[in-house]
1. Right, B:F141: of a type in the set (F, W, Y) and touching a residue at least 40 places away in the same chain (Cβ under 8 Å) or not?
2. Could you please find all residues in segment B:51-65 being surrounded by fewer than 19 Cβ atoms within 10 Å (Cβ to Cβ) and of a type outside the set (K, R)?
3. Is it the case that A:V179 is in a loop (DSSP other than H, G, I, E, B), modelled with pLDDT of 90 or more and at the interface with chain B (Cβ under 9 Å from one of its Cβ atoms)?
4. State whether the residues of segment B:42-49 include one that is touching a residue at least 12 places away in the same chain (Cβ under 8 Å), open to solvent by less than 80 Å² (accessible area, probe 1.4 Å) and not assigned by TED's automatic domain parsing to the domain that holds B:N137.
5. Could you list all residues from segment A:174-195 that are free of Cβ contacts under 8 Å to residues at least 40 places away in the same chain and polar (S, T, N, Q)?
6. Please state which of the following conditions B:T64 fails to meet, knowing it meets all the rest: (1) away from chain A (no Cβ under 13 Å); (2) touching a residue at least 12 places away in the same chain (Cβ under 8 Å); (3) within 9 Å of DNA strand D (Cβ to nearest atom).
7. Of the residues that sit in segment A:45-61 and are under 23 Å from B:I190 (Cα atoms) and not in a helix (DSSP H, G or I), which one is farthest from DNA strand D (Cβ to nearest atom)?
8. Could you tell me which of the residues A:A164, A:A120, A:A177, A:A104 is of a type in the set (G, A, S) and closer than 28 Å to A:R20 by Cα?
2 protein chains.
Amino acid sequence: MNEKELKKYCSCVSEVVAKRLTLYLRCFIQLKEEGYDFVSSKELAERFNLNSDLIRKDFSYFGTFGKRGVGYNIDEIIEKIKTILGLKKVYNVAIAGAGNLGKALADYPKFNEGTFRIVAMFDNNARKVGRKYGVNNIPIFHVKELPEKVKELEVDIGIIAVPARAAQQVADSFVKAGVSGLMNFTPARIAVPSNVKTVCADFRAQLEMLAYYVSNLKKSE
Amino acid sequence: MNEKELKKYCSCVSEVVAKRLTLYLRCFIQLKEEGYDFVSSKELAERFNLNSDLIRKDFSYFGTFGKRGVGYNIDEIIEKIKTILGLKKVYNVAIAGAGNLGKALADYPKFNEGTFRIVAMFDNNARKVGRKYGVNNIPIFHVKELPEKVKELEVDIGIIAVPARAAQQVADSFVKAGVSGLMNFTPARIAVPSNVKTVCADFRAQLEMLAYYVSNLKKSE
DNA sequence: TAGATTGTTAATCGATTAACAATC
DNA sequence: TAGATTGTTAATCGATTAACAATC
């Protein structure tokens, strides 16, 4: 679904703003770990190479979070951003594909302190099916069981970590089974109905964009 | 480095355009695999949920690629886009971190038909160091050796797949050793000089953005 | 109170969309 | 030639930046 269609379904801020919010969250968490209690938009901007005007503007879409003359209480704003982004809930996540990538995702450290709970993995390799993966004992089911299990386990978000040729089929199964969001790690473009949000997490696309800049930087040396 | 600073160093198009170009490339490749020879911007847009005006506008920054009344020759435009994105060269890539993620990346199918050549992995686990990983026999060196090996192997792009707390240090080593681009898989914000381009590939940030839309979609049900 | 920083409005800038002449 | 689609210019829209009154 594109951004315009999305607006029919939710009164969300634009994708750039949402992306920056996740970024700000990372920065505030990092500062908290370093022992800070308060930070101004100016300090935040200088530290992380951001724009202080934009930081304040972005927050202003959601209310007033700072203290004039002082800045932002870090603990407080972390909670506020989490609330805005919907990170105070728990999301059930299922991973299609129990290869290297699927496993790396399943092992991903804590996956945001319990916000995202990986409840199932799917694969079509008979040797993997029926086993449990990793420290969290995530059950691996056959891909055939995906529709049934996704419903049963009330999965909210599906992760597509299968070969590209199977991506659309897996996406269709996830959608049919009622997920609201998909994270697609394959290079394939997948089509979904407009009430499902997808994010593209294809490494290759990102690496190619990097190549564009690297090749142009080198030219100007 | 932010987009404004970048412009000092290269006459690149904006990040949104570069990103869309990688996207178009994927679409054209997919159509080629399906046996198509020609496609119009309109067909492309309908098929992949894009905007045909924008497709033509994006191409126009780089020249004229289509045939009026007909559309685009798919083989031809694939080559053109690859040239624009700098994908006709070979980039030496090194991966810091030989955990699940590092391995998944090293195994990533063909990594764009030889455009990106993974020449080394680095880890600080003594049991991994000295071994070769995977079908491509990628040597695993100790992180201490990173600066030396990166220079020796003429690495262009560094991938950061280590724990977040080590990200900045690894980035510094890569930069010092002369890489032009960094792909950062950790949630840590890394600071680099303005002649190095970084892309953020943190899963968590993407998943959080997805959560924002999912939680808002659900509300309006 | 004086200094600092927020929240917000107005001004600017850039990106997308609309429209159409050029031409295959 | 007629129909189709490009490449490009002009119009619109949205996002960022600048500026400053409000207030801690």
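The values are calculated or read from the model by the stated rules, or taken from the named source; none is laboratory data. Because the structure is a prediction, the values reported are computed rather than measured. Cβ coordinates were reconstructed from backbone atoms using ideal geometry, including for glycine residues, and neighbour counts include every protein chain displayed. For accessibility, only protein heavy atoms count, side chains too; no ligands or nucleic acids. Shrake-Rupley method; radii C 1.70, N 1.55, O 1.52, S 1.80 Å.
1. When the stated conditions are applied, B:F141 does not pass them.
2. Applying the first criterion (surrounded by fewer than 19 Cβ atoms within 10 Å (Cβ to Cβ)) to segment B:51-65 yields B:51-54, B:56-57, B:60-65.
Passing the criteria: B:N51, B:S52, B:D53, B:L54, B:S60, B:Y61, B:F62, B:G63, B:T64, B:F65.
3. Numbers: in a loop (DSSP other than H, G, I, E, B): yes; modelled with pLDDT of 90 or more: yes; at the interface with chain B (Cβ under 9 Å from one of its Cβ atoms): yes.
Taking the combined requirement at face value, the residue satisfies it.
4. Taking every residue of segment B:42-49 in turn, at least one turns out to be touching a residue at least 12 places away in the same chain (Cβ under 8 Å), open to solvent by less than 80 Å² (accessible area, probe 1.4 Å) and not assigned by TED's automatic domain parsing to the domain that holds B:N137.
5. If the condition is that a residue be free of Cβ contacts under 8 Å to residues at least 40 places away in the same chain and polar (S, T, N, Q), then A:S180, A:N184, A:T186 are the ones that fit.
6. Here B:T64 clears every test but (2).
7. By that ranking, first place goes to A:N49.
8. Working: A:A164 fails: closer than 28 Å to A:R20 by Cα; A:A120 fails: closer than 28 Å to A:R20 by Cα; A:A177 fails: closer than 28 Å to A:R20 by Cα.
Checking each option against the conditions leaves just A:A104.
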